[in-house]
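Enquirer: Got a structure for you, written out below as structure tokens; questions coming shortly.
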Amino acid sequence: MTRRTRTALAAALLLGLTAGPLAAPALAQGRPVVAEQRGPDRTALKEALKGLPDAQATSAIVRVGGHGTWRGSAGVRDIRTGAKAIGNARFRAGSTTKVVTAALVLKLAAQGRIDLNGTVQHYLPGLLTRDFAPITVRQLLNYTSGLQPGKSLGDTVDEAYPHRFETLTPQEVVAASVAKGPRHAPGAEQHYGNHHYLVLAMLVEKVTDDTYAHQARVRVLRPLGMRDTSFPTGGDPRIHGPHNRGYEDMGGRLVDVTEWNVSDRWAAGDMISSLPDLERLMVGLFDGRLLPKAQLDEMFAVPDLPGARYGAGLERIVVNGREVWGKTGARPGYHTVVAATRDLSRTLVYSVTATDAHTDGLALAQRFAFPAFNS
């Protein structure tokens with residue numbers, strides 16, 4: 001079975017195991033019954049960290065908040081030295097970057113700089129060919145634009161590894177996407193992909209006459225106190241600051257993949273962050289400090305389409321009967337999750353230096369994420 005096939009299977013299994021209609025709340029004398037708030041499953045969380053490093057990961061750091069907190073770290077910082085993993089590590093946050101990008105676009109919308117019903121053709125004239133019907137900003141945010149995936153340096157980590165220090169610009173990725181023509185009419189289907197968010201970042205730069213990274217810092221990171229979070233510049237392949245090294249299982253051998261040029265992912269997946277910062281992101285978003293209610297609601301607005309489960313930057317799942325909103329992120333050697341209930345009764349952020357970060361998402365979530373929502 002190929003890694004691509006395993007990825008699709010894992011996604012399907014994850015959706016099948018966790019998604020579904022929520023039961024109506026029980027009533028007592030006409031009022032909802034509020035379940036007793038209990039903490040996370042600490043026993044299961046401790047068990048998840050036991051034995052690291054192992055075949056699945058070389059380290060893991062986990063942070064649970066809300067009604068009942070838990071912190072844990074295990075494994076090694078570097079397999080050559082055996083140095084203990086550090087809990088204050090910075091790491092490649094992968095596609096959790098999209099939560100920041102969505103929040104940035106929605107903040108600009110709240111300030112009247114962007115119209116969610118405005119079109120790509122209006123904001124970025126000449127980007128799309130005449131083959132494309134008008135695509136709205138909202139359709140980019142919720143992955144219903146109809147754009148196809150663009151160019152890449154390899155479909156698997158094994159294929160991309162020899163090219164890890166090469167630069168593939170977001171503009172090249174988007175140009176290749178446009179050249180393929182539309183996948184479907186805008187708004188007709190939902191297909192997750194980085195390319196939607198690359199176009200959003202281009203749009204941000206056009207309307208602000210500024211860089212995406214600076215706008216993200218000023219409008220999202222700084223207001224939430226996310227001091228450890230940054231975006232690589234000029235194709236810089238390094239993780240600056242304290243970090244646990246990432247490894248990929250390639251042909252039965254662990255290969256160090258810590259240094260990697262991720263410029264092609266840009267606003268869709270190049271962010272470097274820390275667990276406290278990602279917790280600040282989720283809490284600051286969900287408690288309304290960053291966005292007015294109308295724009296925050298867009299993040300939870302899943303299109304009424306078959307199989308749709310994404311709003312603007314966030315994915316809706318149900319874990320052990322509890323509705324959870326969050327985002328996964330994977331780059332070679334690093335797997336990250338941010339998740340929370342909408343009322344913030346439970347939050348979870350973790351970073352795992354996984355040996356198969358791209359395709360073992362389900363197994364990693366079952367091990368490190370689900371116990372946080374067991375009770």
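The values are calculated or read from the model by the stated rules, or taken from the named source; none is laboratory data. These numbers were taken from a predicted model, which means no experiment stands behind them. Methodologically, a virtual Cβ is constructed for each residue, glycine included, from the backbone with ideal geometry; neighbour enumeration extends over all protein chains shown.
Enquirer: Please go through (1) surrounded by fewer than 21 Cβ atoms within 10 Å (Cβ to Cβ); (2) within 18 Å of Ala102 (Cβ to Cβ) for Met299 and return the number of the only condition it doesn't satisfy.
Expert: For Met299, the failing item is (1).
Enquirer: I've got another one for you. Can you tell me which condition Gly307 does not meet? The list is (1) at pLDDT 95 or above; (2) within 17 Å of the chain's Cα centre (by Cα); (3) not aromatic (Phe, Trp, Tyr), and all the others hold.
Expert: Against the list (1) at pLDDT 95 or above; (2) within 17 Å of the chain's Cα centre (by Cα); (3) not aromatic (Phe, Trp, Tyr), Gly307 comes up short only on (2).
Enquirer: Condition check: of a type outside the set (Ser, Thr, Tyr) and within 26 Å of Ala357 (Cα to Cα). Does Asp131 satisfy that?
Expert: Details: of a type outside the set (Ser, Thr, Tyr): yes; within 26 Å of Ala357 (Cα to Cα): no.
Answer is no for this residue.
Enquirer: Right, next: Taking segment 180-221 as the search range and keeping residues that are in contact with a helix residue (DSSP H, G or I) (Cβ under 9 Å, 6 or more places away or on another chain) and of a type in the set (D, E, K, R), which one is farthest from Asn88 (Cα to Cα)?
Expert: Lys206
Enquirer: Cβ-Cβ below 7 Å, separation at least six or inter-chain, first residue in segment 194-223 and at negative phi, second assigned to a loop (DSSP other than H, G, I, E, B) and small (Gly, Ala, Ser): which pairs?
Expert: What qualifies is Asn194/Gly269; His195/Gly150; His196/Ser145.
Enquirer: Follow-up question, since we're still on this one. Do we have any residue at all in segment 34-41 that's within 29 Å of Ala312 (Cβ to Cβ), surrounded by 16 or more Cβ atoms within 10 Å (Cβ to Cβ) and at pLDDT below 95?
Expert: Yes - at least one qualifying residue is present in segment 34-41.
Enquirer: Now for a different question. What strands (runs of 3 or more DSSP E), lying completely within segment 55-143, carry at least 3 residues that are modelled with pLDDT of 95 or more and among the small types (Gly, Ala, Ser)? Break it down stepwise before answering.
Expert: Details: elements: 57-66, 70-78, 90-92.
Filter on segment 55-143 gives 57-66, 70-78.
One line per residue, one yes/no per condition, for (1) at pLDDT 95 or above; (2) assigned to a loop (DSSP other than H, G, I, E, B); (3) aliphatic (A, V, I, L, M):
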| residue | (1), (2), (3) |
| --- | --- |
| Ser177 | yes, no, no |
| Gly187 | yes, yes, no |
| His195 | yes, no, no |
| Val199 | yes, no, yes |
| Arg219 | yes, no, no |
| Asp228 | yes, yes, no |
| Gly235 | no, yes, no |
| Gly241 | yes, yes, no |
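Enquirer: Given the residues Leu291, Leu281, which is the only one that is within 25 Å of Trp266 (Cα to Cα) and over 16 Å from the mean Cα position of the chain (by Cα)?
Expert: Leu291
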